[in-house]
Amino acid sequence: MKLAWISAVLLAPASAFAFSDPATFADTAINGGGGGRYFTGSRAEGYSCSACHQGGPSTHFVVDPLPNPLVAGTQYKLVVHWTDPTTPQALQLEISTTTGANPTVSIPAATALPAESRCDGSPTGLPAVYSVDVGTRRIIGVEDCGASRVEVSFVATGDPIEVSIGGVLGNGDGTANGDGVFDDRFRWPPLRQQSATGCSSGGGTSLLVPAVALLLVSRRRRRSGQLDTK
Amino acid sequence: MRFAGLLLVVVTSGCSVTPGTLDIPNANPQVFEDTVYPVLLADCAFNACHGNRDRFFSVFGPGRERLDPNTAEYDPVTPYELAHSYTRAESMLYDEEGPGFSLFVRKPIPLALGGAGHKGDDLYGGTVYSSIDDPHYLALYRWATGGAQ
């Protein structure tokens, strides 16, 4: 047995693996699951996809701007989309508030999902978007099967919201290495930009700046009488 | 054997340790397998963290990096992976003041709670466990100090 242990210490691991099934996040760690971690990067989570996936090119998502301010009790839609639906990308998203209370969050019924939220971007494709409740948290996920858009509805509580998004562009080798990562967290209405630190720091580009820029451009156009082409 | 290992650590580290006695941790392998290893897998064994072969304290297993690349992704933990993880964790228990003051015990908690500093903070600057009452942390602490044996 001692020899086996010494051998184990000397052996160098040469491969890593990535979660491929959304249900795996909820499974126990001893079974290879996330042990209840969803790696959204939210305050309740702490870690994002970049805790495991790393080494690949950054991948980009676009978050459509939200109104400012958010009116308590009003339902809003948060739309996240990406530009290259031919490349399967997985995504985890969470909306919380700065006070820790989570707004009511929902996704369209499976039958009402647009083609862009389905596998292969097909109107007849399987739903790629799913939601999982973890205590008072609701995690929204997108499987890496060819979807390119997710739409999430939430009811504003009166407190600023924190949107946390973690996405992975897998390189197809079945490991977490060499995968592109998108990591973003922003507060709305914006206060200041948060930065990632530590081992989970992501390689993605923050969307806070473009989101604010889009909002400003949109407002400017409205003021100048031009059509809002958002 | 354990003393030999300790001697090797002392010699190779180049530290000027005063000769004397050192409390050798009595870290129960079965308790490790039952209660500590699952926690390490869940909270530490991320590829960018301690699921990385470049780290001394490394943990491998199902759904994470596998020690043997031929092991299937979700196959149960192998004896070698368990042994590797145990050995590395046990090595982190050595401290002149006893395992209760070791890096294994102090690394994952905030400095304000007696932590030893942990480079891999989460996205909000927090370390692995914000409270020493966290059930996962308690599992590690009890194993390290023999409380669960």
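Rule-based calculations on the coordinates, nothing more; no lab input. Since we're looking at a predicted model, the values are computed, not measured. All Cβ positions, glycine included, derive from the backbone under ideal geometry; neighbour counts span all protein chains shown.
For segment B:139-147, in order, what is each residue's ³J(HN,Hα) by Karplus, 6.51 cos²θ - 1.76 cosθ + 1.60 with θ = phi - 60°, in whole Hz (x at glycine and Pro)?
Values, residue by residue: 5, 5, 5, 5, 5, 4, 9, x, x Hz.
Using Cβ contacts closer than 10 Å as the measure, can you line up A:His53, B:His118 from fewest to most?
Result, fewest neighbours first: B:His118, A:His53.
Under 5 Å between amide H atoms, partner at least 5 residues away or on a different chain: which partners does A:Gly178 have, H built in plane at 1.01 Å?
HN-HN under 5 Å from A:Gly178: A:Gln54, A:Gly55, A:Gly56.
For each of B:Cys49, A:Cys119, count neighbouring Cβ atoms within 10 Å of the residue's Cβ, then give the residues from fewest to most.
Fewest to most other Cβ atoms nearby, the residues stand as A:Cys119, B:Cys49.
In peptide A:43-51, what is the residue-averaged number of other protein chain Cβ atoms found within 10 Å of each Cβ?
Across A:43-51, the average partner-chain Cβ count within 10 Å equals 5.
From the phi of every residue in segment B:100-116, what ³J(HN,Hα) in whole Hz does the Karplus formula 6.51 cos²θ - 1.76 cosθ + 1.60 yield, where θ is phi - 60° and glycine or proline is x?
Per residue, the Karplus-derived 3J(HN,Hα) values read x, 10, 6, 4, 4, 7, 9, 4, x, 10, x, 4, 5, 9, x, x, 9 Hz.
Report the local net charge at B:Leu123: Lys and Arg +1, Asp and Glu -1, summed over other residues whose C-beta lies under 9 Å from its C-beta.
Charge balance in the 9 Å sphere: -2.
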